[in-house]
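Here is the structure we will look at, set down as structure tokens.
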Amino acid sequence: MGDYMETTTWWQSGIVYQIYPRSFQDSNGDGIGDLQGIISRLDYLKELGVTIMWLSPVYQSPNDDNGYDISDYLSIHPDYGTMDDMNLLIEEAGKRNIKIIMDLVINHTSDEHPWFIQSQDKNSPYRDYYIWKDKPNNWTSFFGGSAWDQIGDSYYLHLFSKKQPDLNWKNPKVMEEIQKIMHFWLKKGIAGFRCDVINIIYKTTLENGKKRFVLTGKEHYHSQEGCHEILRTLRKNVMDYYDAFTVGETVLVSVDQANDLIKPERKELDMVFSFEHMETDQINNKWFRTKFKPNKWMKVISKWQEHAHWNANYLENHDQTRSVSRFGNDKDYHDISAKMLATILFTLKGTPYIYEGQEIGMTNGDFESMEDLKDVESHRINDIAKKLHFTKKMRWKMMMRSSRDHARTPMQWNSDGGFTKGTPWIRINRNTKVINVEEQLENSHSILHFYKKLIQLRKENQVLINGSFKPIYMKKNIFIYERFNTNQSIIVICNMSKSYQKLPININGKVLLSNVNRNDFMDSLLKPYESIVIERRIES
Ligand code: TEU
Ligand code: CA
């Protein structure tokens, strides 16, 4: 499956940049990022080499989960601006050949969406837009605790927060409503959707689930046949009318389940975000973190590279902690380890996704107390852990290892921050003094410039886009793999540890890119976190 692909589409050869609007750029001093702020930074994204922008939610929302709880799919939240600002963003991005994909959050709505408000009346035509029961089953929420809450004498399902009631996808009216919303945005000129938790939207039955430590009930809603039918219908009735693509956020999928969602002949999604490489450093769930083991991680990456039809490659997003702090070393080898991780991101087979700030090596936040954290999930888990008598120290350690707020600190534009003239909605990391865009733009050896070089290298070497993938060496924290097609072979070598390591294979070839300015292999000792991209044949 990791084979060479004849042709590639614009979304397979594209470079995607994810923006978390609340934290990217504030333009009116209220401490909250907004659309005019994004417009003011389009030239920066153009210069970086971005061709597609993924916009996390900017719709009307009470922001219980920072917009992933939508109360009006067809209007822009005043925090972010107006529909005119959105139209201008689409236009100005288009002028710079940057396409925009929107976040499609259709597993649930906000409990303040008119549909849900009316659904509380048992006789309302909107009753069946949601999942109501006289008494709850034993399903638990992704954010912990029961997945049901009571209104009147009925209970409604919410797999996330209680302010995010799940839609009833067995109701054809729900399908009609969502198709209208997708046409609305595609007609505006957006180029596709990132589909939020799209593989859990169809609940086949509401029977009790097998008791589990987390996600009791998932066997009744994870990757159900009913979900595949919905995706085929949305493709046939909406997506096929536009030059647009879909990337699904698909929790807990296996390679086979992913291929069932993305193989062209299935006519469902174009690619998916899988999570296995994001779960190698945990036991059961992310709150029980374990030491990151590169060998284990690279074997997962290699499996997906070899067996998934296509990959949506990412190391960060708005739900994950910062990669240089997690997979790299933000203390002693910040610059070089960030560059090593970038080398992997841009030389793997699949579409690369950059999360805002990753291109300058932003680290986890420097939070000091729970008051600094804003994320509904972090506060919920902290409350539950408190009830389970986890000590304050243990709870804080869990937060500092896994809170999503590490990804949500304001973008670091200059040594004073540069995100807002007001008071930011969440604290800016004080290391903006030394990690910021302005300084890295001026320093040609910076992480930012290294991203530009990798993006350029990818554009100049088709083999990096659609060449086959073959693992060569995955031991001793050294990851070596080949990308090849009929007329080119590129070898990538990454030392994912802070130890000097002997190069375990003989190799000669032309060094295309190195994060330590290596030009040849006279010295076969790999430096800590060293990465090399070479164009040559391997001598066995
Ligand atoms: O995330 C779904 C999801 O997988 C995460 O919630 C993940 O399980 C969690 O962070 C693990 O800790 C999507 C969005 O990306 C996320 O921001 C939303 O909170 C969630 O859906 C609900 O819309
Ligand atoms: Ca603002």
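The values are calculated or read from the model by the stated rules, or taken from the named source; none is laboratory data. A quick note: this is a predicted structure, and the numbers were derived from the prediction, not measured. For neighbour counting, all protein chains shown are included, and Cβ atoms are generated from backbone atoms with ideal geometry for every residue, glycine included. The accessibility values were calculated without ligands, DNA or RNA, using every heavy atom of the protein model including side chains. Shrake-Rupley method; radii C 1.70, N 1.55, O 1.52, S 1.80 Å.
Return the residue satisfying two criteria in turn: it lies in the stretch 20-38 and is open to solvent by 10 Å² or more (accessible area, probe 1.4 Å) and either within 16 Å of ligand 1 (Cβ to nearest atom) or in contact (Cβ under 8 Å) with a residue 12 or more places away in the chain (or both), and of such residues it is nearest to A93 (Cα to Cα).
Going residue by residue through the stretch 20-38, those that are open to solvent by 10 Å² or more (accessible area, probe 1.4 Å) are 22, 25-30, 32, 36.
Next, from what is left, pick out any that are either within 16 Å of ligand 1 (Cβ to nearest atom) or in contact (Cβ under 8 Å) with a residue 12 or more places away in the chain (or both): 22, 25-27, 29-30, 32, 36.
Numbers: R22: 19, Q25: 16, D26: 18, S27: 17, G29: 23, D30: 24, I32: 21, Q36: 12 Å.
Checked the stretch 20-38; the qualifying residue nearest to A93 (Cα to Cα) is Q36.
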Among (1) in contact with a strand residue (DSSP E or B) (Cβ under 9 Å, 6 or more places away or on another chain); (2) open to solvent by less than 40 Å² (accessible area, probe 1.4 Å); (3) more than 19 Å from L48 (Cβ to Cβ) - the single one F292 does not satisfy: (1)
Residues located in the stretch 382-405, provided they are over 19 Å from N63 (Cβ atoms) and either within 16 Å of ligand 2 (Cβ to nearest atom) or within 23 Å of the chain's Cα centre (by Cα) (or both): M398, M399, M400, R401, S402
Would you pick out the residues in the stretch 456-466 that are open to solvent by less than 10 Å² (accessible area, probe 1.4 Å), over 11 Å from W310 (Cα atoms) and within 24 Å of the chain's Cα centre (by Cα)? R458, L464
Looking at the stretch 500-529, I want the residues that are closer than 19 Å to T347 by Cα and have a partner that is among the acidic types (D, E) with Cβ atoms under 7 Å, at least 6 apart or on another chain. Which pairs are those? G509/E535; K510/E535; V511/D520; L512/E535; N515/E530; V516/E530
Is there a residue in the stretch 255-264 that is surrounded by fewer than 20 Cβ atoms within 10 Å (Cβ to Cβ), touching a helix residue (DSSP H, G or I) at 6+ places or on another chain (Cβ under 8 Å), under 29 Å from E207 (Cα atoms) and among the hydrophobic types (A, V, I, L, M, F, W, C)? yes
Residue within the stretch 84-97 that is more than 16 Å from ligand 2 (Cβ to nearest atom) and open to solvent by less than 10 Å² (accessible area, probe 1.4 Å) present: yes
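Among V238, V214, V247, which is the only one that is among the hydrophobic types (A, V, I, L, M, F, W, C) and open to solvent by 10 Å² or more (accessible area, probe 1.4 Å)?
Working: V238 fails: open to solvent by 10 Å² or more (accessible area, probe 1.4 Å); V247 fails: open to solvent by 10 Å² or more (accessible area, probe 1.4 Å).
Of V238, V214, V247, the one residue that is among the hydrophobic types (A, V, I, L, M, F, W, C) and open to solvent by 10 Å² or more (accessible area, probe 1.4 Å) is V214.
For T8, state whether it is of a type outside the set (D, E), in contact (Cβ under 8 Å) with a residue 40 or more places away in the chain and loosely packed, with under 15 Cβ neighbours inside 10 Å.
On the way: of a type outside the set (D, E): yes; in contact (Cβ under 8 Å) with a residue 40 or more places away in the chain: yes; loosely packed, with under 15 Cβ neighbours inside 10 Å: yes.
For T8, the condition - of a type outside the set (D, E), in contact (Cβ under 8 Å) with a residue 40 or more places away in the chain and loosely packed, with under 15 Cβ neighbours inside 10 Å - is met.
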Among the residues of the stretch 476-492, write down those that are touching a Cys at 6+ places or on another chain (Cβ under 8 Å) and either acidic (D, E) or closer than 15 Å to G509 by Cα (or both). I480
L341 outside any loop (DSSP other than H, G, I, E, B) and among the hydrophobic types (A, V, I, L, M, F, W, C): yes
In this structure, does I493 turn out to be under 30 Å from the mean Cα position of the chain (by Cα), of a type outside the set (K, R) and part of a strand (DSSP E or B)? yes
Go through the stretch 496-533 and report how many residues are open to solvent by less than 100 Å² (accessible area, probe 1.4 Å), under 19 Å from N477 (Cβ atoms) and part of a strand (DSSP E or B). 7
